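Read-outs: derived from the displayed coordinates by stated rules, not from any lab. This one's a predicted model, so the numbers in the text were calculated from it and none came from an experiment. Cβ coordinates were reconstructed from backbone atoms using ideal geometry, including for glycine residues, and neighbour counts include every protein chain displayed.
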Amino acid sequence: MSDPADLTPWPADLVDRYVAEGYWGAATLDEEFRGWAARFAGRTALVVGERRLTYAELDEAAERTARGLRALGIAAGERAVVQLPNSADVVIVLLGMLRAGIVPVLTLPAHRRNEIEHLVRLSGAVAYVAPDVHEGFDHRELAAEISAVCPSLRHVLLTGDPGPFTALADLPEGEPVTGRADPAGIAVLLVSGGTTGRPKLIPRTHRDYTYNALASAAVCGLSEEDVYLACLPAAHNFPLACPGLLGTFSVGGTVVLAPAGSADVAFGLIQAERVTVTALVPPLVRFWLEAAEWDTRDLSSLRLLQVGGARLDPETAARVRPGLGCALQQVFGMAEGLLNYTRLDDPHEIVVSTQGRPLSPADEIRVTGQDGADVAPGEVGELWTRGPYTLRGYYRAPEHNRIVVTEDGWFRTGDLVRVLPSGHLAVEGRVKDVINRGGENVSATELEEHLLAHPAIAHAAVVAVPDLTLGEIACAVVTLTPNAGRAPKLKELKAFLAGRGLARFMHPDRLVVADALPVTAVGKIDKKEIAARIGSP
Ligand code: OOB
């Protein structure tokens, strides 16, 4: 039995139901992967730069890593913080840990000491796995710093030149791994994308995460013909399992890892590897659309572009098919579980204007007002959810869990949504992302969307700034499109917004034109960082 502070269990009647109805299988993620590797042995599983691994080779590499980690003395059930960029190593280490029953804490390359140290402490990790140097950042220094202050950490394993630590390539040879993980237990710990406070850890069990990947592969119509390009960091839920790497492996397709999400890098890979599916966050879509206007590389193999992680405005959404020549799928997901997808056969209007509908027939959703009661159909409220792949509690966070998970197991997402008659959800913002302008509520998301409709604006973020009279006012921070010419003035923007029928109190009070907007570890516009920069003189 696992510790309830680590994994809040689903109630017994639901466990029975999810098993009986086939959502949950009996295998661990490693057993699933072994099955795929056996079935597709000679096919290409992974392409990274010049390196190509068949399923059999990837399986062998995972086996070696599992044995080596065990031989080092890392026991099943222990945690290891993994922070690897898109490389063969991130895939091999993940699969190797799953085989050894070691629980990977999947951090992203852009995380820094603050997050890594916190996650090592929170998880009681015994190992930290990272590159030597990545994008100019020396992880050996970070490893030395956290080793000095985190007593749980016994091993630092690094790719490249390990300095005083152990090279990942030098793992000892070990014996075959014995013992079997509990399919109901934790397979991986994902880092929450939450915008407030320190990152939380989300326990994903073997059977819920397997379902997450398989059902996502089905919704995308993935087959062994597909070539999936991971442009986002592979340890993020979206490229990892929605359907991402795991979903592609489950059908015998090929995964190509891009070292970066830029159009320059990705377009080359799409052309060379005949990529069919990829996933992006909205800021990257806007960059890709700009680049596609002049870039002549052949993108014709691409059949599906998944976009999620933040709200995609309808104007940009409508440009995907003409600009990139592929279908768009909107994905509104969260590391905590619930995934919403527009379906491949949804009408165009739905695909460009909604963020999809729940993946599973067993997903339950409610849209609630501040009193916790359901709002009228079609009204905006906070999304609550339960289901076969949605957490029942964060890892080792009992106080926080009392706030965000209700007694009857509803996870309060903090997202504001509206449900359409078709069952599709439109994301209207975050509960906390509302600017209280002298008592009137300005939805930052709504205003951002109107700003993005302006031809000179490429990216937009609306943040609250303190104001003596109104309490808070809205500040729009924007970047310009390459052919924008001169920056619009605030007065001109207001006239533009009025022309779109936007009420005056919804207009921004301040305008800042920036060269670029800061982004989070997965590439979403980082509004917390923008607010901090705007707020400081
Ligand atoms: C994905 O996961 P996280 O955990 O990094 O972030 C989740 C949050 C959601 O609660 C929501 O606030 C926002 O990101 N979000 C969206 C969105 N998709 C995610 N907001 C508006 N529109 C969307 N399409 O970001 C994630 C996980 C799996 C698949 C896709 C995205």
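Some observations on this one:
- Long-range neighbours under 8 Å by Cβ, at least six apart or interchain, first residue more than 16 Å from residue 208 (Cα to Cα) and among the aliphatic types (A, V, I, L, M) within the stretch 317-343, second near the ligand (Cβ under 10 Å from one of its atoms) and in a helix (DSSP H, G or I): 331/238
- Residue match in the stretch 256-264 (condition: under 21 Å from the mean Cα position of the chain (by Cα), aliphatic (A, V, I, L, M), within 14 Å of the ligand (Cβ to nearest atom) and crowded, with 22+ Cβ neighbours inside 10 Å): no
- Selection status of residue 327, surrounded by fewer than 17 Cβ atoms within 10 Å (Cβ to Cβ) and aliphatic (A, V, I, L, M): no
- Scanning the stretch 221-235 for residues that are within 22 Å of residue 34 (Cβ to Cβ) and either assigned to a loop (DSSP other than H, G, I, E, B) or more than 16 Å from the ligand (Cβ to nearest atom) (or both) returns 222, 223, 224, 226, 234, 235.
- Matching residues, the stretch 336-356, being among the hydrophobic types (A, V, I, L, M, F, W, C) and surrounded by fewer than 22 Cβ atoms within 10 Å (Cβ to Cβ): 344, 350, 352
- Being away from the ligand (no atom under 12 Å from the Cβ) and crowded, with 24+ Cβ neighbours inside 10 Å is a property that residue 210 has.
- Of residues in the stretch 241-255 being more than 16 Å from the ligand (Cβ to nearest atom) and under 17 Å from residue 52 (Cβ atoms), the one farthest from the chain's Cα centre (by Cα): 252
- Residue within the stretch 273-283 that is hydroxyl-bearing (Ser, Thr, Tyr), in contact with a strand residue (DSSP E or B) (Cβ under 6 Å, 6 or more places away or on another chain) and within 16 Å of the ligand (Cβ to nearest atom) present: yes
- The stretch 442-530 holds strands (runs of 3 or more DSSP E) entirely within its bounds, and those carrying 2 or more residues that are more than 23 Å from residue 286 (Cα to Cα) map to 457-467, 471-480.
- Contacts under 6 angstrom Cβ, first residue in the stretch 20-42 being over 16 Å from residue 95 (Cβ atoms), partner outside any helix (DSSP H, G or I) and among the β-branched types (Val, Ile, Thr), 6 or more apart: 42/54
- Here the condition is being touching a Ser or Thr at 6+ places or on another chain (Cβ under 9 Å), under 19 Å from residue 108 (Cα atoms) and in contact (Cβ under 8 Å) with a residue 12 or more places away in the chain; of 241, 215, it holds for 241 alone.
- Per-region count, the stretch 314-341, residues closer than 21 Å to residue 228 by Cβ, touching a Ser or Thr at 6+ places or on another chain (Cβ under 6 Å) and near the ligand (Cβ under 9 Å from one of its atoms): 2
- Taking the listed residues 161, 182, the one that is touching an Asp or Glu at 6+ places or on another chain (Cβ under 9 Å) and either without any contact (Cβ under 8 Å) to a residue 12 or more places away in the chain or among the acidic types (Asp, Glu) (or both) is 161, with no other qualifying.
- Applying the set (1) within 16 Å of the ligand (Cβ to nearest atom); (2) of a type outside the set (Ser, Thr, Tyr); (3) assigned to a loop (DSSP other than H, G, I, E, B) to residue 238 leaves exactly one unmet item: (3).
- Residues satisfying the criterion are absent from the stretch 287-304 (criterion: closer than 21 Å to residue 520 by Cβ, buried (at least 18 other Cβ atoms within 10 Å of the Cβ) and either within 16 Å of the ligand (Cβ to nearest atom) or free of Cβ contacts under 8 Å to residues at least 12 places away in the same chain (or both)).
- Counting residues in the stretch 357-379 that are within 15 Å of the ligand (Cβ to nearest atom), surrounded by 24 or more Cβ atoms within 10 Å (Cβ to Cβ) and among the β-branched types (Val, Ile, Thr) gives zero.
- Scanning the stretch 32-84 for residues that are part of a helix (DSSP H, G or I), crowded, with 20+ Cβ neighbours inside 10 Å and touching a Pro at 6+ places or on another chain (Cβ under 6 Å) yields a single hit, 68.
- So residue 272, is it over 26 Å from residue 449 (Cβ atoms) and part of a helix (DSSP H, G or I): yes
- Odd one out for residue 355, checked against (1) without any contact (Cβ under 8 Å) to a residue 40 or more places away in the chain; (2) under 24 Å from residue 283 (Cβ atoms): (1)
- Whether a residue is touching a strand residue (DSSP E or B) at 6+ places or on another chain (Cβ under 6 Å) and either in a helix (DSSP H, G or I) or under 23 Å from residue 348 (Cβ atoms) (or both) was assessed, and residue 316 does not pass this test.
- Which listed residue, of 122, 106, 98, is touching a Ser or Thr at 6+ places or on another chain (Cβ under 9 Å) and either in contact (Cβ under 8 Å) with a residue 60 or more places away in the chain or buried (at least 19 other Cβ atoms within 10 Å of the Cβ) (or both): 98
- Segments classed as strands (runs of 3 or more DSSP E), wholly inside the stretch 322-398, with at least 3 members that are out of contact with any helix residue (DSSP H, G or I) (no Cβ under 8 Å at 6 or more places or on another chain) and among the β-branched types (Val, Ile, Thr): 364-368
- Of all the residues in the stretch 417-432, those that are buried (at least 20 other Cβ atoms within 10 Å of the Cβ) and either more than 10 Å from the ligand (Cβ to nearest atom) or in a loop (DSSP other than H, G, I, E, B) (or both) number 2.
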